[in-house]
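The values are calculated or read from the model by the stated rules, or taken from the named source; none is laboratory data. On a predicted model such as this, the values are computed, not experimentally measured, just so you know. Using ideal geometry, Cβ is built from the backbone for each residue, glycine included, and neighbour counts are taken over all protein chains shown.
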Amino acid sequence: MAIPPRHVRLVVWRDGSNMLALDLPVDFVHSVVYKPFKYLAYAAWSICGQRGELRDDRGQEVDMGQPSLYELRSYQYFTPQDVPFTKTVNHALMKQNTKVGSSTGPNYSADFAKKVKERDGACIFTGVRPPPGPPLEAAHIAPLRLGEDFVDNIRTHKVEDLSGINDIRNGFTLSSRLHPEYDFHTFAILPFPTPSDILSLADMKEPDPNHPRERRRDAHFRTTGQRRLQRKAYLLHWMETWKVGIDETMREDIEEIVAHCAQAAFIQRVEDKLPHRGLLHYRYGTSLIVNFMNTTVSHGWDLLQKKRETGELDEEELPGPENDLGGNEGPGGGNGEPRDEDEDSDEDHDEPPEQEQDMYVDGPPVRLSFSSAREEEALAIQSWFDSLYEVSKSFRKVEEWRNVAQT
């Protein structure tokens, strides 16, 4: 299927004919980051939970420092080990299935809401609190409906240190107007640090300082006591408003609520009380799937996902090797990011093995060996080499005849 104009295609996961592909708007990627290819690598990592490398549609490793994306290009994320389907993000866990917000329901805890609001002091992205602002709500990252044992179902990022669905790190304070937008993945929150070789805070773009909401936030800080974090951050990225065909008036209306790329602020900034970064990485991957998955190209993955949702998936019948990836977020561990002391380190990491590719030599057409690239693209490239070889044979034959004629 053709890539939409002003988009790039990112193949996040592939197993045989099954793949998960995102069609990402070029303008969206450029709006959040200075180095767009590093963002593509993060997007893939947030979904499959294992470090890898980004390659273009000819199997060549991408220069991550390039400053620009070009539309209609395709890229694929390669990992050292094959990632089983069961260890990709199960986005059904984070999808809001009803019109009821995540602050209600049988698992709702007033104590959870109280502690979250005390930590945050106001809406973490707008700084408003009533009165005169709208009511405040304690939003859950993992929805309440998942229940206390929800951590057992998250196999991509490490969240075992969460005590349950009402752990204070499974929530943050939003205004009642902003909360529904989060529940339905209109925006997502990208937490920092990420694994140090994927994205750094310096790679990310900041909100427009002239945005009305950003100007008002600075005034609110004097009364709320909120402060942005140092060396760490939680960034808001509007997603749904970048979909093809979205009305510009609707985009402006939604984004008036809070600036794109706004950074969260808190009153209490104790590390082990802040929103759980591993869980937010998982949810960020979910939001990418909800908003940008190409359902036609990802048909095989989508069928597996539907079986996973209904409990019909038989893991033993799945293709591809099972392995214990277990959320390979990086050194240190249990919170989905490197240890604090390693944030700025140059620690070496295992490099993914180079993809085998035969070199072109004088002789029969080169046989390409893109073991994980899309078959149709590999076949197209192979056909081009075959044609080139036939042309070269014709030129050689003409040269032989010319030599014979001259003698």
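Annotations
- Residues within the range 230-242 that are assigned to a loop (DSSP other than H, G, I, E, B), without any contact (Cβ under 8 Å) to a residue 60 or more places away in the chain and either of a type in the set (D, E, K, R) or in contact with a Ser or Thr (Cβ under 8 Å, 6 or more places away or on another chain) (or both), tallied: 1
- Sole residue being without any contact (Cβ under 8 Å) to a residue 12 or more places away in the chain and among the polar types (S, T, N, Q), chosen from 296, 249: 249
- Restricting the first member to the range 82-94 and to residues that are under 11 Å from residue 49 (Cα atoms), and the second to residues that are small (Gly, Ala, Ser) and not in a loop (DSSP other than H, G, I, E, B), the beta-carbon pairs closer than 7 Å and six or more apart or on different chains are 89/285.
Matching residues to (1) touching a residue at least 40 places away in the same chain (Cβ under 8 Å); (2) surrounded by fewer than 20 Cβ atoms within 10 Å (Cβ to Cβ); (3) touching a Ser or Thr at 6+ places or on another chain (Cβ under 6 Å):
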| residue | (1), (2), (3) |
| --- | --- |
| 21 | yes, no, yes |
| 40 | no, no, no |
| 45 | yes, no, no |
| 49 | yes, no, yes |
| 53 | yes, yes, no |
| 58 | yes, yes, no |
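- Criterion violated by residue 200 - all others in (1) in contact with a Lys or Arg (Cβ under 7 Å, 6 or more places away or on another chain); (2) surrounded by fewer than 18 Cβ atoms within 10 Å (Cβ to Cβ) satisfied: (1)
- When residues of the range 197-214 are limited to those that are of a type in the set (A, V, I, L, M, F, W, C) and under 16 Å from residue 230 (Cα atoms), the one farthest from the chain's Cα centre (by Cα): 202
- Residue match in the range 143-156 (condition: touching a Ser or Thr at 6+ places or on another chain (Cβ under 8 Å), free of Cβ contacts under 8 Å to residues at least 40 places away in the same chain and crowded, with 16+ Cβ neighbours inside 10 Å): no
- Within the range 215-240, if we keep just the residues that are under 22 Å from residue 193 (Cβ atoms) and surrounded by fewer than 12 Cβ atoms within 10 Å (Cβ to Cβ), the residue that is nearest to the chain's Cα centre (by Cα) turns out to be 231.
- Consider the range 243-266 and keep the residues that are in a helix (DSSP H, G or I) and in contact with a Ser or Thr (Cβ under 8 Å, 6 or more places away or on another chain). The one that is modelled with the highest pLDDT is 254.
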